[in-house]
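Written out below as structure tokens is the structure these notes cover.
The values are calculated or read from the model by the stated rules, or taken from the named source; none is laboratory data. None of these values were measured; they are calculated from a predicted model. FYI the Cβ positions are ideal-geometry reconstructions off the backbone, even for glycines, and counts take in every protein chain you see. The area values use the complete protein model at the heavy-atom level, side chains included, leaving out ligands, DNA and RNA. Shrake-Rupley method; radii C 1.70, N 1.55, O 1.52, S 1.80 Å.
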Amino acid sequence: MLENYFEKGDRALSTYEAYGRNPLVINRAIEYFKKGLKSAPDNLLYHYRLGYAYHLMRRLMEASSEYEIVLRLDPPQIPSEKFFKLSLKYVPRIFVNPKEYFKLKDLVAIIHPIKSIIAYNLFWEDDIDYPGDNDPSDHEVVWIEFNKSKGKVTGAYTYFHKAILFTEEAVKDADLHDQRARINVQWGEHGSLPLGWKKLHPEAIFKKIGKRIKIKNMPQRYRELSKSIKNPLHPLAKDWPKKFTGSYKDFITFTKYIEIRRFLTKKKMVIISQWPNAVINRYFLNYNYFPKKQWPKE
């Protein structure tokens, strides 16, 4: 019965993530996780998933309480100088469209305690799609996987509107640039694109419910954004560009470089943990953000 509660909760959570913000579905997931945890109060994974479900609904006090339990059961490690330098070594090179309106606000690097992978969590000032969603940032993620003994990048994964993207070109590019992979960032919506992205057909995969959902590609996003942003008359969008002006070639031009190493050296928001959303919420940011997938292969 215990395993059944957790399985049902996982399926409900995946359904919510796959098909949109249905409060009935996410509340069902929360109730299943709570019932399971009554019999297994020290189950780390499901305390995290309960906190994540609350976080998705902006029930922040409850999310933070669950995250606190996760971090008490599995405390994060403050990185030594060696690990801090590791986070600097692999930090990706970020390129944006020259017409990008929003600034990068913060960067948090989470080093996995067991696997050789670092989650670089980027927080933009906002997302042109969603003024009025009560999140004073747009959370995106780039994951860099590396071979510890060789000191070389073996994978560069990006979050792109629910899909996880990967290309061999990004790995080769990192090898040519001191192990720093190039990542291009879509105008306004900030989906992150590894080098070689044009050949990809993005899909979001939800294994718990056996679904693969096609994600709008860049030509489709250009057609929409060159007509209008989603909420051009919203009060919070009064100073925003009302659409992307220019050709598709202009839209996929990424020539403005942002040196994100400076964020790490200035604020030193680096930590070792298996639970990125929990440590970001409890240790680093004093504003809310929309939580994203923690690791590309979880």
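Observations on the model:
- Residues satisfying the stated conditions in segment 60-77, i.e. closer than 18 Å to F6 by Cα, open to solvent by 30 Å² or more (accessible area, probe 1.4 Å) and in contact with a Lys or Arg (Cβ under 7 Å, 6 or more places away or on another chain): none
- Some residue of segment 104-118 being assigned to a loop (DSSP other than H, G, I, E, B) and either within 16 Å of the chain's Cα centre (by Cα) or modelled with pLDDT under 95 (or both): yes
- Residues of segment 20-59 satisfying the condition of being open to solvent by 60 Å² or more (accessible area, probe 1.4 Å), within 19 Å of Q294 (Cα to Cα) and assigned to a helix (DSSP H, G or I): L45
- Selection of segment 164-179 for residues being surrounded by fewer than 21 Cβ atoms within 10 Å (Cβ to Cβ) and in a loop (DSSP other than H, G, I, E, B) yields H177, D178, Q179.
- Selection count where residues are assigned to a helix (DSSP H, G or I) and either of a type in the set (A, V, I, L, M) or surrounded by fewer than 16 Cβ atoms within 10 Å (Cβ to Cβ) (or both), scope segment 225-260: 7
- Unique residue being touching a His at 6+ places or on another chain (Cβ under 9 Å) and surrounded by fewer than 21 Cβ atoms within 10 Å (Cβ to Cβ) when the list is I205, I215, I209: I215
- Near pairs, Cβ below 6 angstrom, 6+ apart or cross-chain, from segment 41-55 (within 14 Å of F6 (Cβ to Cβ)) to any residue that is surrounded by fewer than 18 Cβ atoms within 10 Å (Cβ to Cβ) and modelled with pLDDT of 95 or more: L44/L73; L44/D74
- From S64, S80, residue being among the hydroxyl-bearing types (S, T, Y) and either farther than 18 Å from Q294 by Cα or in contact with a Cys (Cβ under 8 Å, 6 or more places away or on another chain) (or both): S80
- Hey, A12 more than 20 Å from the chain's Cα centre (by Cα) and of a type in the set (G, A, S) or not: yes
- Residue among K238, K172, K198, K214 that is of a type in the set (K, R) and under 20 Å from the mean Cα position of the chain (by Cα): K214
- Test: residue in segment 196-207 that is in a helix (DSSP H, G or I) and small (G, A, S): no
- Residue satisfying all of: in segment 1-19; hydrophobic (A, V, I, L, M, F, W, C) and surrounded by fewer than 18 Cβ atoms within 10 Å (Cβ to Cβ); nearest to K214 (Cα to Cα) among these: A18
- All positions within segment 270-298 that are assigned to a helix (DSSP H, G or I) and either more than 15 Å from the chain's Cα centre (by Cα) or surrounded by fewer than 20 Cβ atoms within 10 Å (Cβ to Cβ) (or both): R282, Y283, F284
- Residue list for segment 118-130, restricted to those being open to solvent by less than 10 Å² (accessible area, probe 1.4 Å) and touching a residue at least 40 places away in the same chain (Cβ under 8 Å): A119, Y120, N121, L122, F123, W124, I128
- Test result for I94, under 21 Å from the mean Cα position of the chain (by Cα), β-branched (V, I, T), over 24 Å from E298 (Cα atoms) and outside any helix (DSSP H, G or I): yes
- When residues of segment 78-110 are limited to those that are among the hydroxyl-bearing types (S, T, Y) and touching a residue at least 60 places away in the same chain (Cβ under 8 Å), the one most open to solvent (accessible area, probe 1.4 Å): Y101
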